[in-house]
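These notes concern the structure reproduced below.
The values are calculated or read from the model by the stated rules, or taken from the named source; none is laboratory data. Here the structure is a predicted model, which is why all the values come from computation and not from measurement. Methodologically, a virtual Cβ is constructed for each residue, glycine included, from the backbone with ideal geometry; neighbour enumeration extends over all protein chains shown. Keep in mind that these areas ignore ligands, DNA and RNA; they rest on the heavy atoms of the full protein, side chains included. Shrake-Rupley method; radii C 1.70, N 1.55, O 1.52, S 1.80 Å.
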Amino acid sequence: MEAALFALPWMPVNIGGSDLLAKAWFGDTQYRILLSDLSTVWEEEMNADDIQSRAQDLNKRLRAPTQAFFSHLCSVARPSFSSQDDDQTSAAHVALERHGDNLTVKLKSELAGLPFYWEFRCTTTPVAVVCRQLVRPLLAVSRVLQRQVEDLAALLAQKDAEIQDYQENGAVLSRARLQTEPFDVHQYRENFFTQIVPQMGVTLDSLGFDSELQALYMAVSSEKTGQKRKRSPDSCPALEDNDVAEYHVPENLQITDFPTGVASSLASQEQNYGSSGRPLVANSKQTVPLPSTAAGSEERSTSRAKKKKAVGLFR
């Protein structure tokens, strides 16, 4: 169950008027959720026996095995923890209550024509779990992003050298508005920190975890767990791999084959270019492939869970 959470990103959600980050995994007859307001992280883990006991306690007239009502619980609870714009969102009333250090998410829906109640009773998460599920993955993501910036800066330096070679061989820019200055990584970094960052308005309590960061988080986590397959939000897979390994930067996220340091890239260019500014290697033509038009748009049918008859669940 621990390993299953690594394949899921943190989702910004609003539960009962409170903005939170959420991770929720639902198996066949078990689940585990994590909630955080960036001050505290709460969690709850339940197996089939625990779910059956709580269901009987909250729904006195319910007489059914866990498998009979768990799919309904998944369908009405999952949108609240994944910020999905789904029809099931309005099928359940969700409320949030705090009791000291604990957090309770109360859910009320309808099953077989009768009210169905559920409570996610979350307690404070141990620090070790917070580090595994939040701190260490985000540090890995920051290292990947830093590598991306360094590779892009090295690529810009290569492009400046290429443009200089064209100009020295008589090439003239046809549109003056496209003229740019050679890229200076140190000047760019200084301007970014002093001008761009203050205008972004990013605060330490920001819950902005957009789709690109979620995808990068999943790529880093998948590299850690060795899971490359993308999961559908409607599936409830049960994973058995509980091994925990150290995070590392995935090799498949490298953008270019240039050196990671910009300085080392510039030094390498000085060795490859003579005093005239021309390359010391044979010229090669570069072709830019045109985007091909698709023959037809592929229709993707969205599968919706069929409503199961729940006759006999309540007596």
Residue that is least open to solvent (accessible area, probe 1.4 Å) [pool: residues in the range 35-63 that are in contact with a Phe, Trp or Tyr (Cβ under 8 Å, 6 or more places away or on another chain) and part of a loop (DSSP other than H, G, I, E, B)]: Asn59
Of all residues in the range 95-109 being out of contact with any Asp or Glu (no Cβ under 9 Å at 6 or more places or on another chain) and polar (S, T, N, Q), the one that is surrounded by the fewest Cβ atoms within 10 Å (Cβ to Cβ): Asn102
Pair list, Cβ < 7 Å and 6+ apart or interchain, from the range 141-159 residues that are open to solvent by 60 Å² or more (accessible area, probe 1.4 Å) to residues that are at pLDDT 90 or above: Leu156/Phe183
Residue among Tyr247, Tyr188 that alone is of a type in the set (Phe, Trp, Tyr) and either touching a Pro at 6+ places or on another chain (Cβ under 7 Å) or at pLDDT 90 or above (or both): Tyr247
Pair list, Cβ < 9 Å and 6+ apart or interchain, from the range 67-83 residues that are open to solvent by 30 Å² or more (accessible area, probe 1.4 Å) to residues that are of a type in the set (Val, Ile, Thr): Gln67/Thr29; Ser83/Val13
Exclusive hit being farther than 19 Å from Leu38 by Cβ and of a type in the set (A, V, I, L, M, F, W, C), set Ala128, Ala68: Ala68
Residue among Ala3, Ala92, Ala55, Ala48 that alone is touching a helix residue (DSSP H, G or I) at 6+ places or on another chain (Cβ under 7 Å) and within 23 Å of Leu216 (Cα to Cα): Ala3
